[in-house]
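Nothing in this text is a laboratory measurement; each read-out follows from the coordinates by a stated rule. Keep in mind that what you see is a predicted model, and the values were worked out from it rather than measured. Cβ placement follows ideal geometry from the backbone for every residue including glycine, while neighbour counts extend to all protein chains displayed.
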Amino acid sequence: MEMGMSDAYDYAIRSGRYTNGSEIIGKYDNVRVLWEDEITRMVLKTHIQRLIRGRDKIRILDMGCGYGDGYELLRGIREENGDNCKYLITDEEIEYKGFDINESFIKEASGRYGGHKNTSFEVADFSKGFSFKDDESYDIYFTSYGTLSHNEDEANARLLADIAEHSSNNGCKSTIVCDWLGRYSYEWQSLWADKGDPNSGEEEDWIDYRISYFGDRNVKSFPLRLMGRDEVEEVVKRANEISSRRIRIKGFFDRSILVGRHMETGEYNRYCVPIRRVVNSLFERNVVTDLEQLLIDYHKKEGTGFNRLNRFFEEFCMRWNGVIRYTHELLSPDSRVVSPRSKAEEEIEEIVDSEMWGENSNPRANLIEPQLGYLLRELEIDLQEGIGAAHGFIAILNVS
Ligand SMILES: C[S@@+](CC[C@H](N)C(=O)[O-])C[C@H]1O[C@@H](n2cnc3c(N)ncnc32)[C@H](O)[C@@H]1O
């Protein structure tokens, strides 16, 4: 195992914030639980709906499972039908195996989920592909939160090819959920480079990543691969050269455009402001959040090669700031509010004006701010373009 990586994760575990932490700073903060997990579920929903048709078991392999969080994530995918809401995969249907290279994670995962039937965990390594047993196959090959960024591209191509060779072949295609770090996250804008401009410097394919967002800045770094669409397409192409089965890309998704973990630190872009903890605060009971701290002043990356990215982020920030400013105006007793300019602004106006809140103590903190949080989450979902312009970059593949 790469020493920097194992040290860094072990250190994070010892800090306590990786295992527990609070809703404001910690692995399971509000953004992770209410935004990132939920957005990942939303992205996967239609693929899982297709998979479960006519099946009585869904076999899942969670690669780089850490504490086994993929179990709850996948089990939590819901289908809403009018007033009814049901989980797509029931406890009886799920068969889940998680593996990770780090023994400490596997111990904790076994403690957390080992009591559930049909779960198993083991220590294993995916950096040279994966040795499946002859009869071992799954319906969902799952990774999450940047896990594939630990591997070189060739190792990921090998892994995908091994998966393709062993994926279920009983009339329904298996789904592979790939999760990398996005190449063009604003959090590491200093690492973007323009391939067409000789003065722009070398493009950085890897980030010297530090889990420094839990408070301690003196943590060790380890390399993580940054990926855009072209690179993912290359990896899949290479896997298809190795494997006899065909892997196809079904979609891309950018997760956490303005709320990635390193917005907090500004370590790779000094213009980042710690927005994540402010978004977390929106969901806290009885805590009134200073909305102005949610505003972002986007700093352009110089160079014509970045026109598209700059436009994307400027437009995004304009919409983001617009809803926040509008909410702030609505909540300020002495300000005169102009008409809403967007759907999100209309919605927040309805929420603020609702008479339902009358009986509630502290409606601003307990009702209006969480609703603002969900509206901002909608922006993250609606405006993403699946180009690697966020902290997390998801690619959904299937094997035919
Ligand atoms: C960003 S964490 C994600 C953990 C977990 N999936 C989650 O949702 O929190 C990446 C995980 O990949 C694991 N990992 C890194 N390299 C690995 C390898 N070569 N084989 C197996 N697991 C690996 C790490 O130990 C770590 O648990």
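Numbers for the structure displayed
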quantity: Cβ-placed point charges (K, R +1; D, E -1), dipole of the stretch 275-383 about Cα centre in debye, nearest 20; calculated: 580
quantity: Filtered trypsin sites (Lys or Arg not before Pro), the stretch 19-121: DSSP coil and at most 11 other beta carbons within 10 Å; calculated: Arg53, Lys117
quantity: Acute angle (nearest 10 degrees) that the helix 369-383 long axis makes with the longest principal axis of the chain, alpha-carbon atoms; calculated: 60
quantity: Note, ³J(HN,Hα) from phi for the stretch 242-257, Karplus 6.51, -1.76, 1.60, rounded to Hz, x at Gly and Pro; calculated: 7, 8, 8, 9, 9, 9, 10, 8, 9, x, 10, 8, 9, 10, 6, 6
quantity: Simple spin-label estimate for His116 and Arg325 in nanometres, 7 Å along Cα-Cβ; calculated: 4.5
quantity: Proximal lysines to Lys250, defined as alpha-carbon separation beneath 16 angstrom and excluding residues fewer than eight positions away on the same chain; calculated: Lys45, Lys173, Lys237
quantity: Rounded to 10°, Cα long-axis angle of helix 343-353 versus longest principal axis of the chain; calculated: 60
quantity: Contact order relative to length of the chain, as percent, for alpha carbon pairs under 8 angstrom and 6 or more apart; calculated: 19
quantity: Separation between Cα centres of the stretch 318-350 and the stretch 1-64, rounded to whole Å; calculated: 34
quantity: Debye intensity ratio in log₁₀ form over the Cα atoms of the chain, taken at each q of 0.09, 0.13 Å⁻¹; calculated: -0.57, -1.18
quantity: Using θ = phi - 60° and Karplus 6.51 cos²θ - 1.76 cosθ + 1.60, couplings along the stretch 390-396 (whole Hz; Gly, Pro as x); calculated: 7, 4, x, 10, 9, 10, 9
quantity: Listed peptides 119-128, 319-328 by packing density, highest first (mean Cβ within 10 Å); calculated: 319-328, 119-128
quantity: Cross-link partners of Lys107 among lysines (Cα-Cα below 24 Å; sequence separation of 8 or more within a chain); calculated: Lys27, Lys97, Lys117, Lys128, Lys133, Lys220
quantity: Sorted by Cβ density within 10 Å, fewest first, the residues Tyr18, Tyr209; calculated: Tyr18, Tyr209
quantity: The chain: angle of helix 307-331 to the longest principal axis, Cα-based, in degrees nearest 10; calculated: 50
quantity: Value at 222 nm in deg cm²/dmol, rounded to 500, when DSSP H runs of n ≥ 4 in the chain each add -39,500 (n - 2.57); calculated: -10500 deg cm²/dmol
